[in-house]
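The values are calculated or read from the model by the stated rules, or taken from the named source; none is laboratory data. It should be emphasised that the depicted structure is a prediction, and the values quoted were computed from it without experimental measurement. Reconstructed Cβ throughout: ideal geometry from the backbone, glycine too, with neighbour counts over all protein chains shown. Each accessible area value is taken on the protein alone, full model and side chains, heavy atoms only, with ligands, DNA and RNA left out. Shrake-Rupley method; radii C 1.70, N 1.55, O 1.52, S 1.80 Å.
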Amino acid sequence: MQGLLLKLSTLDADAESAVRVIAYFDSLLRDHVSVPTLLAATARLAQCPVGLLDAATGRRTRTSPRGAVDTPAEAPAQVRELSDGLGAVWMEREGPAHGLDEIVLERYAVAAEVTLERAAALARSGQDPALVELVLSAETGEAERARALRLLGFAPSTPLQALAIALPDRGPDRGPDRGPDRGPDRGPGGRELAAGLRAMGHQVRATRIGDTEAVLVATTLPRDLPEGSRVGIGPELPGARAAESWAGARTALRFTGPHDRVMRWSELGALALFADLPEPAVAGLADVRAMERLGEESLAAVRALCLAGSVRGAAATVHLHHSSMAARIARAESVLGFSLADAAGRLRAHLALALVRLRANLRSGPPA
């Protein structure tokens with residue numbers, strides 16, 4: 001702390017911002033954030049990628065300001081070693097250093113030491129969120145995944161489903177004067193959904209991976225899940241294949257939207273083939289452009305027709321007279337350029353609606 005005060009004395013006009021940096025990391029520690037949340041919060045504060053080496057596992061993790069997470073092959077030459085051999089942290093700033101970089105790195109290192117020590121204690125009790133990330137990662141070896149599953153209380157043969165939950169929009173990038181982002185527990189999201197599943201009697205483990213909340217659930221999920229967030233649900237598979245369920249959950253999440261908040265991998269069918277299309281390719285489709293030109297009233301009519309299969313059924317769904325629904329459908333057909341009277345037209349519209357949702361999610365960034 002004395003060394004930190006000496007640094008502050010040389011900052012003059014930046015001293016107030018430095019104090020805010022200290023308060024930022026102190027708040028993160030008070031909230032007992034996980035290691036992934038600490039990395040994400042630090043990257044947003046520094047506005048550059050930051051990394052961490054966990055000496056206990058030998059795992060390197062790097063997070064960008066936008067929340068993208070990867071595993072670099074090696075750490076950069078300049079790292080800040082943590083005490084007690086816990087590992088190391090670093091920042092990857094392009095160009096000249098910023099005036100607060102040294103303070104940010106100092107507090108990041110202190111916070112990382114505390115967080116890693118807490119994570120080690122949680123791992124001994126089988127509650128470490130990082131274990132969930134190990135189970136879900138496609139890069140984890142078979143033996144390492146089996147060990148992580150057992151620490152979480154699951155056998156490798158236990159049927160599990162992975163859930164990918166879209167976190168609420170955090171708004172503009174936060175700085176030292178805005179206070180810390182508290183990760184997946186802000187607003188409706190991971191905590192509320194996990195709590196709701198636990199209340200239903202499910203065995204649940206959760207963590208945050210990038211901008212997505214990851215939940216691992218034992219036993220088959222009910223059809224109706226607690227409301228509040230967009231959720232992609234992976235296929236039910238043995239724990240040893242949890243990475244496949246997580247991949248399916250992230251794909252399903254890409255097809256969710258305001259009117260389709262929960263999507264299951266098992267219900268995507270051939271739609272899954274479109275999940276990895278680049279956004280410009282989806283945007284270039286004429287049916288997608290036409291569907292995006294429809295007003296909300298016409299969109300609701302087309303959506304209801306696709307689900308009900310008939311104008312009368314769609315009218316009953318949205319509590320309209322069938323003649324009013326027919327008029328709305330006719331207006332939509334004039335914009336779309338094709339008829340919705342037969343099954344082929346409705347299938348075409350259903351696919352376009354799904355691709356509109358996909359494009360919206362691709363534009364906001366794919367799930368981590």
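Listing for the model above:
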| quantity | calculated |
| --- | --- |
| Once the Cα gyration tensor of region 245-333 is diagonalised, semi-axes √(5λ) in Å | 28, 17, 10 |
| Percent carbon-and-sulfur accessible area, region 49-169, ignoring ligands, DNA and RNA, probe 1.4 Å | 51 |
| Label point at Asp101 placed 7 Å out along Cα→Cβ; residues across region 61-75 whose backbone nitrogen lies under 11 Å | none |
| For region 55-93 and region 150-167, distance of Cα centres in Å | 26 |
| Principal axis box of region 18-136, alpha-carbon based, largest edge first, Å | 42, 32, 28 |
| Region 23-88 - accessible surface per residue (Å², probe 1.4 Å) | 45 |
| Leu277 accessible area, 1.4 Å probe, all protein chains in place, Å² to nearest 10 | 60 |
| Net lengthening on full extension, Leu347/His32 (0.36 nm per residue, minus Cα-Cα) | 108.6 nm |
| Nearest-10 value in Å² for the accessible area of Arg241, using the 1.4 Å probe | 100 |
| Accessible area in the full protein assembly, largest first, 1.4 Å probe, for Ser334, Ser137 | Ser334, Ser137 |
| Computed FRET value (nearest 0.05) for Arg241 with Ser17, which takes r as the C-beta separation and R₀ as 45 Å | 0.40 |
